[in-house]
Amino acid sequence: MEKQVVIGKIVAPHGVRGDLRILPQTDTPEQFLALTYLLLPGGKKLTLERARFHKNMVLISAAEVKSMDAAEALRGQPVSIYREDLPQLKAGRYYVSDLVGLPVLDETGRQLGVFKDALQTGSADAYVIATPEGGELLVAAISDNIKEINVAAKRIVVRLPAWEEVK
């Protein structure tokens, strides 16, 4: 099965013809304008006829959704695309979905845990590392802390701030 990546969430119908109002959950919301499909949970695929921006939302017309009631039934559902359809990133940039589950090591090679998520904090993202003990470490995603991200070798190397040192 092909890997899917969530890029937004249906928040409401828009109008009486079944358009969908989608909150983008991606750094590149303009990708919605070039898409020909969206995937819903359970394997359902929507064929996109039109996409446009309205305020901070994307309005989508889909061939399979032709009424306000049909659009309302989709409220709250995440929308995804296949991983290979994501835009290419510049060198040194990564999709969070590509990092989830990678082992996180300190500079001595000791495994601290696995990458769980990235939180957007405003100034710099914070990486969430799930520890083997069931806890979490937060590491600011800045060059002082993130020493290496190597998706091919399946590892992330970090330097923890002094107050976060794991014994």
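Please state which of the following conditions ASP106 fails to meet, knowing it meets all the rest: (1) in contact with a Lys or Arg (Cβ under 6 Å, 6 or more places away or on another chain); (2) touching a residue at least 60 places away in the same chain (Cβ under 8 Å).
ASP106 satisfies all of (1) in contact with a Lys or Arg (Cβ under 6 Å, 6 or more places away or on another chain); (2) touching a residue at least 60 places away in the same chain (Cβ under 8 Å) except (1).
Counting just the residues of segment 122-143 that are over 18 Å from the mean Cα position of the chain (by Cα) and part of a loop (DSSP other than H, G, I, E, B), which one comes out modelled with the lowest pLDDT?
The selected residue is SER123.
Can you name the residue in segment 144-162 that is in a loop (DSSP other than H, G, I, E, B) and in contact with a Leu (Cβ under 9 Å, 6 or more places away or on another chain) and, of all such residues, is nearest to ALA130 (Cα to Cα)?
Only one residue tops the list, namely LEU160.
What are the residues in segment 42-85 that are among the basic types (Lys, Arg), over 29 Å from LYS147 (Cα atoms) and either touching a residue at least 24 places away in the same chain (Cβ under 8 Å) or assigned to a strand (DSSP E or B) (or both), if any?
LYS45, ARG50, ARG52, LYS66, ARG75
Can you pull out the residues in segment 17-45 that are over 19 Å from ARG83 (Cβ atoms) and either basic (Lys, Arg) or not assigned by TED's automatic domain parsing to the domain that holds VAL79 (or both)?
ARG17, ARG21
Filter segment 46-70 down to the residues that are within 19 Å of GLN25 (Cβ to Cβ) and either assigned by TED's automatic domain parsing to the domain that holds LYS147 or surrounded by 14 or more Cβ atoms within 10 Å (Cβ to Cβ) (or both) and list them by number.
LEU46, LEU48, ALA51, MET57, VAL58, LEU59, ILE60, ALA62 - these are the residues of segment 46-70 that are within 19 Å of GLN25 (Cβ to Cβ) and either assigned by TED's automatic domain parsing to the domain that holds LYS147 or surrounded by 14 or more Cβ atoms within 10 Å (Cβ to Cβ) (or both).
Would you point out which residue out of ASP144, ASP117, ASP106 is acidic (Asp, Glu), more than 24 Å from ILE22 (Cβ to Cβ), surrounded by 13 or more Cβ atoms within 10 Å (Cβ to Cβ) and not assigned by TED's automatic domain parsing to the domain that holds VAL16? Break it down stepwise before answering.
Working: ASP144 fails: surrounded by 13 or more Cβ atoms within 10 Å (Cβ to Cβ); ASP117 fails: more than 24 Å from ILE22 (Cβ to Cβ).
After ruling out the rest, the residue left standing is ASP106.
Restricting to segment 125-135, name every residue that is exposed (fewer than 13 other Cβ atoms within 10 Å of the Cβ) and at negative phi.
PRO132, GLU133, GLY135
Checking the structure you have, find out if any residue of segment 85-104 is of a type in the set (S, T, N, Q), at pLDDT below 95 and over 20 Å from GLY8 (Cβ atoms). Give the steps one after another, and end with the answer.
Step one: filter segment 85-104 for residues of a type in the set (S, T, N, Q), giving 88, 97.
Now drop any that are not at pLDDT below 95, which leaves 88, 97.
Cutting the leftovers down to over 20 Å from GLY8 (Cβ atoms) gives us none.
Looking through segment 85-104, none of the residues is of a type in the set (S, T, N, Q), at pLDDT below 95 and over 20 Å from GLY8 (Cβ atoms).
How many residues, within segment 2-36, are in a strand (DSSP E or B) and either touching a residue at least 40 places away in the same chain (Cβ under 8 Å) or exposed (fewer than 14 other Cβ atoms within 10 Å of the Cβ) (or both)?
14
Among the residues of segment 86-95, is any outside any loop (DSSP other than H, G, I, E, B) and either in contact with an Asp or Glu (Cβ under 9 Å, 6 or more places away or on another chain) or buried (at least 16 other Cβ atoms within 10 Å of the Cβ) (or both)?
Of the residues in segment 86-95, the ones outside any loop (DSSP other than H, G, I, E, B) are none.
Checking segment 86-95: not a single residue is outside any loop (DSSP other than H, G, I, E, B) and either in contact with an Asp or Glu (Cβ under 9 Å, 6 or more places away or on another chain) or buried (at least 16 other Cβ atoms within 10 Å of the Cβ) (or both).
When residues of segment 54-74 are filtered for being within 13 Å of ASP19 (Cβ to Cβ) and within 22 Å of the chain's Cα centre (by Cα), how many remain?
Residues meeting the conditions: 6.
Of everything in segment 1-40, what is at pLDDT 95 or above, within 19 Å of the chain's Cα centre (by Cα) and among the charged types (D, E, K, R)? Give them in sequence order.
Passing the criteria: LYS9, ARG21.
The values are calculated or read from the model by the stated rules, or taken from the named source; none is laboratory data. Worth saying up front: this structure is predicted, and the values here are computed from it rather than measured. We place every Cβ from the backbone using ideal geometry, glycine too, and count neighbours over all the protein chains shown.
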